[in-house]
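**Q** Structure in structure tokens, see below.
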Amino acid sequence: MRQELRTKIIEVCDKKIASKGDNVGLSFYAFFANKNNNPELLIEAATWWIQTHQLDHFVKAHKIKQMVLDNL
């Protein structure tokens, strides 16, 4: 996963945890605006989330952040 996406994921997870608490869940769509302005990055996130790790639609933000920090 490219660094740009890793950074974005960590920022979004931190923001969601800060505003909604440690138990907040999110999907990979949380990392993107409602516009499809970067389809390559969206596909990269979807592939990592769905195909590589076979995650559910909603996953706890702290788990996603830790996975990214662990370079999974």
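**Q** What number goes with the only condition from (1) under 11 Å from the mean Cα position of the chain (by Cα); (2) surrounded by fewer than 17 Cβ atoms within 10 Å (Cβ to Cβ); (3) not aromatic (F, W, Y) that I64 does not pass?
**A** So I64 meets the others, but not (2).
**Q** Any chance you could count how many residues in region 22-51 are over 13 Å from the mean Cα position of the chain (by Cα), assigned to a helix (DSSP H, G or I) and touching a residue at least 40 places away in the same chain (Cβ under 8 Å)?
**A** Final tally of qualifying residues: 0.
**Q** Take the conditions on the phi > 0 side of the Ramachandran plot, polar (S, T, N, Q) and either modelled with pLDDT of 95 or more or part of a helix (DSSP H, G or I) (or both) and apply them to Q54. Does it pass?
**A** Spelling it out, Q54 is indeed on the phi > 0 side of the Ramachandran plot, polar (S, T, N, Q) and either modelled with pLDDT of 95 or more or part of a helix (DSSP H, G or I) (or both).
**Q** Looking for something surrounded by 11 or more Cβ atoms within 10 Å (Cβ to Cβ) and not in a helix (DSSP H, G or I) - is there at least one such residue anywhere in region 5-21?
**A** So far as region 5-21 goes, no, none of its residues is surrounded by 11 or more Cβ atoms within 10 Å (Cβ to Cβ) and not in a helix (DSSP H, G or I).
The values are calculated or read from the model by the stated rules, or taken from the named source; none is laboratory data. Since the model is a prediction, treat every value here as computed from it, not as a measurement. Note: ideal-geometry Cβ built from the backbone for every residue, glycine included; neighbour counts use all protein chains shown.
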